[in-house]
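Below is one structure, written out as structure tokens; the observations come after it.
The values are calculated or read from the model by the stated rules, or taken from the named source; none is laboratory data. What you are looking at is a predicted structure, and each value in this text was computed from that prediction instead of being measured. All Cβ positions, glycine included, derive from the backbone under ideal geometry; neighbour counts span all protein chains shown. Side chains included, ligands, DNA and RNA excluded: accessible areas come from the protein's heavy atoms. Shrake-Rupley method; radii C 1.70, N 1.55, O 1.52, S 1.80 Å.
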Amino acid sequence: MTVPEIIEKLKDRFPDGIRETLVFRGDYWIRVDNEVHYDLMKSLKEEYGFNFLMDVVGVDYPRRKERIEVIYNLYSLGEHLRLFVKIRAGGDIVPRSVTDLWPSANWMEREVFDMLGVQFANHPDLRRILMRDDFPWHPLRKDFQLTSDEIDFGVPIRTKPPKHIKDEPDRLE
């Protein structure tokens, strides 16, 4: 079965849940509602063989009410098929975690939480993974302040290179 055939079957099964389909540079993308997200992902794994969750990423669109898009990169190792599934999050929308379907989603969803502030319902261990626990911001949000103000990261920061490293690059003669 091809990805377009799978998408057509998903449209029949979730007629009101699939909001958008797209083909970009040979990759297939679908955007789904949060209400059908988990059931659709379960179907993709169990019925269509998308057994490898390659990545979970987030993109910030600050002018939207649901400002974050969470993108799941799925791959079928047996059929060599790829599908990207997008959902919107933020505001009142809290997507359900897929860690019970793909255990590797644990760390990936934690990274999206840490960097963008997306909450995942039913996540077994939703806590920061990259930033320290008391860091008050989510650095990949587009409204994250990039200023020259000094920020205490909790570790010493070198302002000069160590003595064994030269300040100037070597010159080629």
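Residues that are crowded, with 20+ Cβ neighbours inside 10 Å and closer than 23 Å to residue 8 by Cα occur at least once in region 92-111.
When the test is whether a residue is surrounded by fewer than 19 Cβ atoms within 10 Å (Cβ to Cβ), modelled with pLDDT under 95 and within 20 Å of residue 97 (Cα to Cα), residue 66 passes it. Screening 132, 141 for residues that are open to solvent by 30 Å² or more (accessible area, probe 1.4 Å), farther than 24 Å from residue 28 by Cβ, in contact with a strand residue (DSSP E or B) (Cβ under 7 Å, 6 or more places away or on another chain) and at pLDDT below 95 leaves exactly one candidate, 141. Residue count for region 28-44 under the criterion of being open to solvent by 50 Å² or more (accessible area, probe 1.4 Å) and either free of Cβ contacts under 8 Å to residues at least 40 places away in the same chain or not in a helix (DSSP H, G or I) (or both): the result is 4.
For region 2-27, a tally of residues being closer than 14 Å to residue 82 by Cβ and surrounded by fewer than 13 Cβ atoms within 10 Å (Cβ to Cβ) returns 8.
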